[in-house]
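Let me begin by presenting the structure, written as structure tokens, before commenting on it.
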Amino acid sequence: MAMRKVTVCGRMIRGVAAVCVGVMVLGGLSACSLTLGLPTDGPVQRLSQVQREDHRVFIDPQGPTDDATPGEIVRGFLAALPAGPQTDGFKVARQFLTEAAAKSWKPETGVVVFHGEPDLRVSGADAATASGAGAGHAQVDMSFSEVGSIDRDGVFATTGASQSVHKGLTLARIDGQWRIDRLPAGIMIEESDFQQVFRQVQLYQRSSSADTLVPDTRWFGWKQWRTLAVRELLDGSAPWLGDAVHAASNGKVKLAMDSVPSSGSQIDVRLSDAATLSSDDRAMLVRQIRLTLGDGNDDYDLRIIDSSGLDLSDADSHITLGVEQPARHLYTLSNRSVVSIPSQNLIKLGEVENGKDARSLAFTSRGGAVLDSSGTVQCFDRGVTPCGTLFDGRRARVITAGTGREIWMADSRGNIAIDTVDGDDEHSLLHVPWLDGVSVNAMAVSPEGSRIVIAFDDAGDASSRVVMAGVRRDAENHVAGLSGAFTVLSRASGVNAVTFYNDTTVVYSTKGSLSGYQQLAPGPESTQQLPKNTVALASAQIDQTLSLIALDDSGNVRYARGSLASAWRMLDLQTTAISSGV
């Protein structure tokens, strides 16, 4: 039996809990207590992942024991792998390999994340032992349920549900002891261990409109996460973001040393060729590094020195660009009335014509739209005064609110279009080849507006996917297109609602279920408890506390306040649709 020691240390780690900034407890509300008015302001809050008290397990694996069988050697090797990215750089794991294999093995190539205990089948060991003379080979075939994989750049890619993966390892008997002689490149790690030894890091990329920063989620081992984060930021964004973001340095700048050391509250970064950039580009690069290493926080001591001797530590002192996003308000459509729910009081904004026929709502403080049963999208201004039909009457299947006055829609053929409330008569129809012919079931635009999550069914290959893509914007912040590639977040079927809980966490529900999924996207998905038969999701501030809101098929609105693990409480009744927006 493979053994390893674990040490549990209390520390602050990144989680999906949101910090409570209010102290009032919201009781049950009904649509009967209505006051008139429209919220026009609200606090600006950091929507990035916050920290929570938790325990991180430090793994102290043991090396191979004398006369261990081939199966025991493989299990010991697997047990030692998590310590590699966490603390020991695979020092113990290499003890299970032959000398030649230890030199040629490249664990940094990638990571396969699996669930449960692998099934091992050993062949050839008995014959090798019977032959004596200490020689011989054995084969261990390993199969497991793969969750996903991480490439050498730290980008996570999900795999199909319960996909069985097979890996073969060859063992040689050296001086009477079995050791692994041939093995796949990269490492294999169980999902629970992965959550302990890999750190989710946001590389803050500059949007194509240059007016905001976009989280680019990566996964790095704790041992070298700062070094890997800076290196990958300099190398560019994840492929799925495409031209929705600008490259930090266009590959011109590199790390001058293969380390980003920290001492106390000070972090030191040594760069090469940063002096070749313009002063504006240098300042922006420093800002991106500062926020990336600070998890969106710039309140720490960062020293950045270029190989030319140029001190860039304060190069971004004049840049105010951060990762904070305006607080989102919750809006509902109840009995034909658009209602704002910022706190204990429901605020009636006005009545929607033909509101009883509406089946979804997209609303912000700038105005909104409803989608009726015929697929027509009718807009109204912030006072709920009608302003006509959007998208030139094109029939929509799904609508959602974007940034500012944007209303997004998807039709029955997978076409995406954007129109604006109370704007001109023109709308943008995007050509997205990878959406041709699919049936879009739900979509949501990220808080900063440079990413979109879309859940769709593809009749062509009989598959269901939840994907995330980049949103390209011009200098005026108008949508110019979606990225040519996407990343798959999930292959769950029956997804009927999706929302950005904050700027890094995506939550989605499935039809007729008591649960859905959440993930630091892109990353491993985990179960999210939801009210039964959830048909719509939103994220908004309730009493100035970030909350997840769910609407079920009976018209009940419930919310989980302050944390995705919070209990669900009733918020409103007899509701047709919900939306959130600034």
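The values are calculated or read from the model by the stated rules, or taken from the named source; none is laboratory data. Only a predicted model underlies this, so the values are computations on that prediction, with no experimental measurement involved. Cβ sites come from the backbone with ideal geometry, for glycine too, and all protein chains shown count toward neighbours. SASA here: full protein model, heavy atoms, side chains in, ligands and nucleic acids out. Shrake-Rupley method; radii C 1.70, N 1.55, O 1.52, S 1.80 Å.
Quick notes on this structure:
- Largest to smallest principal axis extent of the C-alpha atoms in the range 418-516, angstrom: 41, 31, 24
- With both labels modelled 7 Å from their Cα along Cα-to-Cβ, the Lys106 to Lys254 distance reads 1.7 nm.
- Shape category assigned to the range 358-473 from the gyration tensor of Cα positions, a/c cut at 1.5: prolate
- Taking amide hydrogens as placed 1.01 Å from N in the peptide plane, the amide H of Ser513 sits under 5 Å from those of Asn533, Thr534, each at least 5 positions away in sequence or on another chain.
- The overall shape of the range 311-417 is oblate: from the C-alpha gyration tensor, with semi-axes ordered a ≥ b ≥ c, the ratio a/c is 1.5 or greater and a/b is no larger than b/c.
- Angstrom value of the Kirkwood radius, inverse mean 1/r, which spans all Cα pairs in the range 197-252: 11.5 Å
- Between Leu349 and Val338, Val339, Ser340, the built amide H atoms are under 5 Å apart, and every one of these is 5 or more places off in sequence or on another chain.
- Reduced Cα scattering model of the range 519-574, Debye log10 I(q)/I(0), q = 0.20, 0.31 Å⁻¹: -0.73, -1.29
- Residues within the reach of a label modelled at Asp392 (point 7 angstrom out along Cα to beta-carbon, backbone nitrogen below 11 Å), restricted to the range 399-439, are 426-429.
- FRET E, pair Ala565, Gln62, Förster distance 22 Å, beta-carbon r, rounded to 0.05: 0.05
- Neighbour cut-off at most 12 other Cβ (10 Å), DSSP loop, GluC sites (Glu not before Pro), the range 380-474: Glu426
- If you wrap the Cα atoms of the range 392-439 in a convex hull and average its projected area over all directions, you get 3.4 nm².
- Label-point gap, in nm, between Ser279 and Glu99 - each point 7 angstrom along Cα→Cβ: 5.9 nm
- 3J(HN,Hα) from dihedral phi, the range 169-185, Karplus parametrisation 6.51/-1.76/1.60, rounded to Hz, x for glycine, proline: 10, 9, 10, 10, 9, 10, 6, x, 10, 7, 9, 6, 9, 9, 7, x, 5
- At R0 = 56 Å, FRET efficiency that the Cβ-Cβ distance of Val165 and Asn354 yields, to 0.05: 0.60
- With all protein chains in place and a 1.4 Å probe, the accessible surface of the chain carries 46 percent carbon and sulfur.
- Candidate lysines - alpha carbon under 26 Å from Lys106, same-chain residues fewer than 8 apart omitted: Lys5, Lys91, Lys167, Lys223, Lys254
- The range 169-192 residues near the modelled His137 label - backbone nitrogen below 12 Å, point 7 Å along Cα→Cβ: 169-173, 181-183
- If the segment from Asp474 to Gln574 were pulled out straight at 0.36 nm per residue, it would be longer than the present Cα-Cα gap by 31.9 nm.
- With the charge dipole of the chain set up from +1 on Lys and Arg Cβ and -1 on Asp and Glu Cβ about the Cα centre, the Cα lying farthest toward the positive end among the listed residues Val445, Leu81, Ser539 is that of Leu81.
- Tail fraction, Cα-Cα pairs, the range 264-349, threshold 22 Å, whole percent: 47 percent
- The length gained by stretching the chain between Gln544 and Asp422 to full extension, at 0.36 nm per residue less their Cα-Cα distance, is 41.1 nm.
- Extension gain (nm, one decimal) between Ser263 and Ser526, 0.36 nm per residue minus Cα-Cα: 91.2 nm
- From the C-alpha gyration tensor of the chain, square roots of 5λ in Å: 47, 28, 22
- The modelled label-to-label distance for the pair Asp311/Glu324, using points 7 Å beyond Cα in the direction of Cβ, is 2.9 nm.
- In this structure the chain gives 41 Å² per residue of accessible area when probed at 1.4 Å with all protein chains present.
- Under the Karplus curve 6.51 cos²θ - 1.76 cosθ + 1.60, θ = phi - 60°, whole-Hz ³J(HN,Hα) for the range 560-566, x wherever Gly or Pro sits: 10, 9, x, 6, 5, 9, 5
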